[in-house]
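Engineer: Below is the structure I would like to discuss, written out as structure tokens.
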Amino acid sequence: MGVVKVLAVLMGVLIIIGSTVVVVTIIKRSTDEPSGASVAVVLDEPAGTRIGGIAAISGRLAVLLQGGAGPDRIVLVDPRTGTEAGTIALAR
């Protein structure tokens, strides 16, 4: 009978610890601000350039730029810093 009492107390402690972890996690996630919410990206492109599409690729944003002075191109942007990570030319 002593083993059953020890196991009951142990399980009760585990339930209290688990419930505390769940409540703390919920509170922490509900109060955290989204990271990178205030990053502004300004691309230095010629007049007449328009955005044809945007896609997320490997932690970066691929922005399809069309028109302007030059061929269509894809600019890779790091969303955490707002800086250009590279350019891919599509046509000449």
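Here, each number is a calculation from the coordinates, and none is a lab measurement. None of these values were measured; they are calculated from a predicted model. Here the Cβ positions follow ideal geometry from the backbone for every residue, glycine too, while neighbour counts run over all protein chains shown.
Engineer: Which ³J(HN,Hα) values, rounded to whole Hz and listed in residue order, are derived for segment 19-24 from phi using the Karplus coefficients 6.51, -1.76 and 1.60 in 6.51 cos²θ - 1.76 cosθ + 1.60 with θ = phi - 60°, glycine and proline given as x?
Structural biologist: Those phi angles translate into 5, 5, 4, 5, 5, 4 Hz.
Engineer: Sorted from largest down, give the three principal axis spans of the alpha carbons of segment 49-89, whole angstrom values.
Structural biologist: 28, 15, 14
Engineer: Rounded to whole Hz and in sequence order, give me ³J(HN,Hα) for segment 55-61 from the Karplus expression 6.51 cos²θ - 1.76 cosθ + 1.60, θ = phi - 60°, writing x for Gly and Pro.
Structural biologist: 9, 8, 9, 6, x, 10, 9
Engineer: Rounded to a whole number of µm²/s, how large is the Stokes-Einstein D of the chain at 37 °C and 0.692 mPa s, given Rh as the Kirkwood radius over C-alpha pairs?
Structural biologist: It comes out at roughly 187 µm²/s.
Engineer: If R0 is 35 Å, what FRET efficiency do you get for M1 and T31 from their C-beta distance, rounded to 0.05? Don't jump to the answer; show the numbers that get you there.
Structural biologist: Details: r = 46 Å, r/R0 = 1.31.
For M1 and T31, the calculated efficiency is 0.15.
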